[in-house]
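Peer 1: Have a look at this one before I ask anything.
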Amino acid sequence: MPQSLRLAVAQSHTLSTTPKTLAALEKTTKNVAAKQVDLILFPEAYLGGYPRTATFGSAIGARKPEGREQFLRYFKDAVDLGDTPEGAGKKWVDRELEQPKEGVRGDGTREELERIAKDTGVFIVTGLVERSGGTLYCGVVYVCPKLGVLGKRRKVMPTGSERIIWGQGQPSSLRAVTTVIRGVKLTLAAAICWENYMPLLRQSLYSQNVNLYLAPTADARDTWLPLMRTAASEGRCVVLSSNQCMREADIPSWISGKSEEVPYYVDEGSLLKRRRQSTVAADGFEIALPCPKDDVVDAEKEEKKIESSEHICRGGSCIVSPLGDVVAGPLWDDDNGILITEVDFEDCLRGRLDLDLGGSYSRNDSFKLSVEGLDLSPPP
């Protein structure tokens, strides 16, 4: 039986609200499902957003009130998956935590992701910002179309200024998960952004016999691709890396300080009119007020204005083979770009003829690695 699957990475950027981003995730997943994609990876912090350029009003020894307001906005954009601050692991996955008397535990994002995966038949892996207690965590969730969420992990080491807003995740959440898609057994796990620069963390994934290595990121530098090739070569695994392609115009207003754009609707060809103001009469009916002439704008000019906005993150998403060959990407300056390729997972075994860092080549009789709370043996 062929051991090939169609894989995709999306470099979509976060939209102005989390519900809108979830809707965009569903649209993208439906699009790739029509192209027979089996699994898709979305970027780091896709749900909730990567707050690029935000300072949160922080300096060593001082915090500004406006920075606290920024954090409030960011916190509200994060998703609540119903997990505990310490991370409940398998109990959370198996829904064994105490449930509310009404509704679901969390804000329903988990259930929405499970619905999207089930409806499309696509295995979804997405980066997100998770709130639990009063803390935010940068995480990744694995969503199976048949079984729902198989696992979730939190970034163990936020990078630089990320430490102001994100807590440190649990090392135990580095546990790989297994699934079977069209007869192909996958052992998959994620290293988030600069966690990939942590050699012992990479080894903790190799030790679990991972054959699909997922690297959602926010790094668009030229040095990122060589790192992904290194991870693929070391682990003899398929590597997917996904990054947001983001323009200056995509920065949320609570970061940029610019006012929100007034919604507009299409009218008379290329002309756009700002949405009419309205008032409610005493009888309860809405009265539309006249639209001022200066509220009429040229649609083509508006589109060019958006397109001319400078990229603040160029993307660079890629797919790399188990021997370190780049089979798709890197994808630059392509807003909402998608890479799709077919991968033969038997190449992982072919590569282990001469290198197996989860087995003999690790010399685990001489070198010992232990991770707090994490079983490094391959999952069943």
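Peer 1: If you scan region 111-135, which residues turn out to be among the hydroxyl-bearing types (S, T, Y) and more than 21 Å from R73 (Cα to Cα)?
Peer 2: As a first pass, look at region 111-135 and keep what is among the hydroxyl-bearing types (S, T, Y): 120, 126, 132, 135.
T120, T126, listed by residue number.
Peer 1: Let me ask something else. Output the helices (runs of 4 or more DSSP H) that fall wholly within region 149-260 and possess 2 or more residues being among the hydroxyl-bearing types (S, T, Y), in contact (Cβ under 8 Å) with a residue 60 or more places away in the chain and crowded, with 18+ Cβ neighbours inside 10 Å, or say none. Break it down stepwise before answering.
Peer 2: On the way: elements: 162-165, 199-206, 224-235, 253-256.
Of the helices (runs of 4 or more DSSP H) lying wholly inside region 149-260, those with at least 2 residues that are among the hydroxyl-bearing types (S, T, Y), in contact (Cβ under 8 Å) with a residue 60 or more places away in the chain and crowded, with 18+ Cβ neighbours inside 10 Å span 199-206.
Peer 1: Out of region 16-55, which residues are among the aliphatic types (A, V, I, L, M), surrounded by 15 or more Cβ atoms within 10 Å (Cβ to Cβ), over 27 Å from I165 (Cα atoms) and over 16 Å from the mean Cα position of the chain (by Cα)?
Peer 2: V32, A33, V37
Peer 1: Residues in region 368-375: is at least one outside any strand (DSSP E or B), under 26 Å from the mean Cα position of the chain (by Cα) and closer than 26 Å to M1 by Cβ?
Peer 2: Within region 368-375, none of the residues are outside any strand (DSSP E or B), under 26 Å from the mean Cα position of the chain (by Cα) and closer than 26 Å to M1 by Cβ.
Peer 1: From G134, G139, G127, G106, which residue is modelled with pLDDT of 95 or more and either surrounded by fewer than 17 Cβ atoms within 10 Å (Cβ to Cβ) or among the aromatic types (F, W, Y) (or both)?
Peer 2: Selected residue: G134, the only one of G134, G139, G127, G106 that is modelled with pLDDT of 95 or more and either surrounded by fewer than 17 Cβ atoms within 10 Å (Cβ to Cβ) or among the aromatic types (F, W, Y) (or both).
A quick yes/no check of all residues on (1) modelled with pLDDT of 95 or more; (2) of a type outside the set (S, T, N, Q); (3) within 30 Å of V141 (Cα to Cα):
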| position | (1), (2), (3) |
| --- | --- |
| L212 | yes, yes, yes |
| A220 | yes, yes, yes |
| I255 | no, yes, yes |
| L271 | no, yes, no |
| R274 | no, yes, no |
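The values are calculated or read from the model by the stated rules, or taken from the named source; none is laboratory data. Treat the numbers as computed from the prediction; the structure is a model and nothing was measured. Note: ideal-geometry Cβ built from the backbone for every residue, glycine included; neighbour counts use all protein chains shown.
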